[in-house]
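For reference, the structure is listed below as structure tokens.
What follows is calculated from the coordinates using simple rules that are stated; it is not laboratory data. This structure is a prediction, so every number in the text was calculated from the model and none was measured. Positions of Cβ are backbone-derived with ideal geometry, glycine not excepted, and every protein chain shown enters the neighbour counts.
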Amino acid sequence: MNLTAAAVTPDKRPLVVRCGAFGDMVLLTALIRALHARWQCPVDIVTSGPWSEPLLEGQPGVGDIRSVRSRKMPYWLAPDQRRVVRWLRARGAGPTWFCDANDAARGLLTRAGIADECIVDVKDHPLLPGEHATEQWRRIAQITPPAIGSGREIPQPNALEGLAEGCSLQVNERQNADLTAWMRARGLDLPLILIQAGNKRTMRRGLRRLAVNSKYWPAERWAAVIQYLRTHYPRHRIVLLGTGPEYQLNQELAARAGVDALYNAADDLPIPRLVALLNRAAGLITVDSGPAHAAAAVGCPQVVLFGKALPSLYRPWGTAGADVKVLCGRVDGEPDMRGIAASDVQAAWAALKLRAAEARA
């Protein structure tokens, strides 16, 4: 089905297709906010993964969200794909931003009758030299699909003037109430220091292969940092973050550190609670990860350790402008997180502008 501009519903609100990891979806808020500012209406989203809906639902500028479990499963074996296509057909063709690096989900748009002329594809607008991921999304938000514009006045790109750059998340009252009850049950109170030592790649490969992971940082260095924090910040509770598979890793780090007031929360941190916890913490020490981007999005200061990823592209950047210290290391001349010493992290933390506990209580 090949649509022309005349067949496009002129007042249809924007649609974004992005199937990414947790951090990718946090970064996407820069695009959502910019489209919302331009079009002055909610932005609908097609996505995947168990984190996207609980992360984005209810956020400013977010409209309807539809998810697929797998983009690569054959269409006729994937009822979730067929449900999304039916929804897209009923919704009608309109301005669409396709934000995946591959075309696995592009077939959903084709099956729904959304023509290429309705779509801004990120692959047609690659990163500029030195451009941050959120800057790329903001730039792409200012592009209008060629088939759109007939029958309505399209807001101009200058509608983004005054809109803060970076990603952004808001924490609602329900999240705050849940976090307060959870902290009380765990015996936690403010101030809090958070640590994200693991990552999805680490757990997928298994603990025995940590050293081949580009986001691996040695356990003995994490233990040294935790001991430093306990000595220099005796009032703070230290909380180890993560998903369920990272619980055992955290237990090993806690055993190595051997300090009190250290809590392993990897067994009970759904996305809304994690974001609320980041919103209330004094600061975070983390590998380059989804929680690092979520922390920036809620204004949590942090020290973030980078391996092979480019900080110029993926440095945590939030609209709140919280302090972020980026550390990079090299081993044998190549970018490697193992080139970062525990003393480097300790020094960066000592220079970090922490958030006061009363600011988020």
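Summary table
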{"read-out": "Packing-based order for 246-254, 166-174, using average beta carbon neighbours within 10 Å, highest first", "value": "246-254, 166-174"}
{"read-out": "Under 14 Å from Lys325, Cα to Cα: aspartates and glutamates that are on another chain or at least 8 residues apart", "value": "Asp288, Asp344"}
{"read-out": "In Hz, Karplus ³J(HN,Hα) per residue of segment 300-311 (6.51, -1.76, 1.60; θ = phi - 60°; x = Gly, Pro)", "value": "8, x, 7, 10, 10, 9, 10, x, 8, 5, 7, x"}
{"read-out": "Spin-label model distance (nm) - Ala104 vs Asn176, 7 Å beyond Cα toward Cβ", "value": "3.8 nm"}
{"read-out": "Formal net charge of residues neighbouring Glu220 (Cβ-Cβ distance under 15 Å; K, R +1; D, E -1)", "value": "+1"}
{"read-out": "Candidate values (1) 29.8; (2) 18.9; (3) 18.0, label of the one derived for mean projected area of the Cα convex hull in nm²", "value": "(2)"}
{"read-out": "Neighbourhood charge, 13 Å Cβ-Cβ cut-off, centred on Ile114 and excluding it, Lys, Arg +1 and Asp, Glu -1", "value": "+1"}
{"read-out": "Extended-chain gain in nm, criterion 0.36 nm per residue less alpha-carbon gap, His125 and Glu252", "value": "41.3 nm"}
{"read-out": "Mean Cα-pair separation over length for the chain, i.e. relative contact order, pairs under 8 Å, 6 or more apart, %", "value": "17 percent"}
{"read-out": "Amide H partners (placed H, <5 Å) of Val43, local residues excluded", "value": "Val62, Gly63"}
{"read-out": "Segment 173-359 - share of DSSP beta bridges that are antiparallel (%, nearest 5)", "value": "10 percent"}
{"read-out": "9 Å beta-carbon shell around Ala342, net charge (K/R +1, D/E -1)", "value": "-1"}
{"read-out": "Long pairs among Lys72/Lys123; Lys123/Lys308; Lys72/Lys215, criterion Cα-Cα beyond 24 Å", "value": "Lys72/Lys215"}
{"read-out": "Theoretical ellipticity at 222 nm over the chain - DSSP helices of four or more residues, -39500 (n - 2.57) apiece, nearest 500", "value": "-10500 deg cm²/dmol"}
{"read-out": "Separation between Cα centres of segment 86-110 and segment 245-275, rounded to whole Å", "value": "39 Å"}
